[in-house]
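The values are calculated or read from the model by the stated rules, or taken from the named source; none is laboratory data. Just so you know, these numbers come straight off a predicted model, no measurement behind them. Note that we place each Cβ from the backbone using ideal geometry, even for glycine, and neighbour counts take in every protein chain shown.
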Amino acid sequence: MARRKTKEFTEAELDEMLVAAGRASEVKAVPVEVVYSDPQELTTAEKKKRKQLEKTVEKAFYLAGLALKELRDLRLYRETHRSFDDYCRERFGHSRQKANFLIVAADIYRHLTTNGCQILPANERQIRPLCLLPPDQQTEAWTTAVEEANPKIPSGRLVRSVVNQIRELHPVSNPYKVGDVCEIRVKENPDLKGKHKCWGIVRSIGARACTVACWDGDLEVKIEHLKPKEYTKAQRKTLGELVKRLEKFDGYEVEPAAYSILENFGKLPRLDLTPLEDKLLSLLEQEYQIIIER
């Protein structure tokens, strides 16, 4: 027997819905019936159709991640936007961080499929905790979560719980030492927003984190969010000198344009400044009356 539950929308809500549908007119609040029916067996054709549609929904985030990766890597946004961040925000209504989550999730999803997983994630949030594990442990974690879900698609909370258990059983020793140069990888850590691909020099180490000197000061970063950069002793010295110059700006009321220039120095893929870059940095030092010992 079907059960009926009545919900009444306000006039403002109805007006908003009609305007969105292109049929704005004066309406009065009317009761809307939400029908709940008992389970009914589907035909064989209906079951096949449902399975096809469910797989389409489940793979939506995977396909989105693949598309976003290609848009980013080929810079297909450059005709209308200056950055991938602006493009994602204006075109899709979400941040670059959300886009990066989808891109990473697509890689993990593909990894799970190639390793024989029959039950696969239905959304990006169920995959997100797996980012904290190396690829060889991601399949193990997902399979365990599926089994604990008896066996169904597990929730993101359950996946995170399994990931935490695996990390406790297989602790990772800190591979860095003081003076090492590394690159920051944001992954799913919102505290590192704006630091993706910034370089840093390790100043101190802990069990699972390092304090690194970045262009705008020291920052504590977990080792899973760091990528080592192979530099010689002379190259590390060059980068250290640049860090000292940039750190001098700490505490100054730096204008947005100047801040953008300093931030770009913090993400340079090379160590030596070009003559023009050195002139720009020197100009900012003069503007803010920063004394640099040569």
Checklist entry - Can you find a residue in segment 237-253 that is at pLDDT below 85, out of contact with any helix residue (DSSP H, G or I) (no Cβ under 6 Å at 6 or more places or on another chain), over 19 Å from residue 287 (Cβ atoms) and not polar (S, T, N, Q)? => result no
Next on the checklist: For segment 77-91: of the residues being at pLDDT 85 or above and hydroxyl-bearing (Ser, Thr, Tyr), which is surrounded by the fewest Cβ atoms within 10 Å (Cβ to Cβ)?
Outcome noted: 80
Checklist entry - So which residues in segment 53-83 are more than 21 Å from residue 127 (Cβ to Cβ) and in contact with a helix residue (DSSP H, G or I) (Cβ under 6 Å, 6 or more places away or on another chain), if there are any at all? => result 77, 81
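From 152, 193, which residue is surrounded by fewer than 16 Cβ atoms within 10 Å (Cβ to Cβ) and closer than 30 Å to residue 87 by Cα? Walk me through how you get there before you give the answer.
On the way: 152 fails: closer than 30 Å to residue 87 by Cα.
When all the criteria are applied, what remains is 193.
May I ask you to verify whether residue 74 is surrounded by 15 or more Cβ atoms within 10 Å (Cβ to Cβ) and either at positive phi or at pLDDT 85 or above (or both)? Lay out the reasoning, then the answer.
On the way: surrounded by 15 or more Cβ atoms within 10 Å (Cβ to Cβ): no; either at positive phi or at pLDDT 85 or above (or both): yes.
Criteria not met by residue 74.
Quick check, is residue 207 closer than 26 Å to residue 97 by Cβ and either among the acidic types (Asp, Glu) or not assigned by TED's automatic domain parsing to the domain that holds residue 128 (or both)?
no
If you go through segment 167-182 one residue at a time, do you hit one that is in contact (Cβ under 8 Å) with a residue 60 or more places away in the chain, under 30 Å from residue 215 (Cβ atoms) and surrounded by 13 or more Cβ atoms within 10 Å (Cβ to Cβ)? Walk me through it before giving the result.
Within segment 167-182, the first condition is being in contact (Cβ under 8 Å) with a residue 60 or more places away in the chain, and the residues that meet it are none.
The answer is no, given that none of the residues of segment 167-182 is in contact (Cβ under 8 Å) with a residue 60 or more places away in the chain, under 30 Å from residue 215 (Cβ atoms) and surrounded by 13 or more Cβ atoms within 10 Å (Cβ to Cβ).
Out of all the residues in segment 92-115, which are in contact (Cβ under 8 Å) with a residue 12 or more places away in the chain and exposed (fewer than 15 other Cβ atoms within 10 Å of the Cβ)? Give the derivation first.
Taking segment 92-115 first, the residues in contact (Cβ under 8 Å) with a residue 12 or more places away in the chain are 96-97, 99-112, 115.
Within segment 92-115, 110, 115 meet the criteria.
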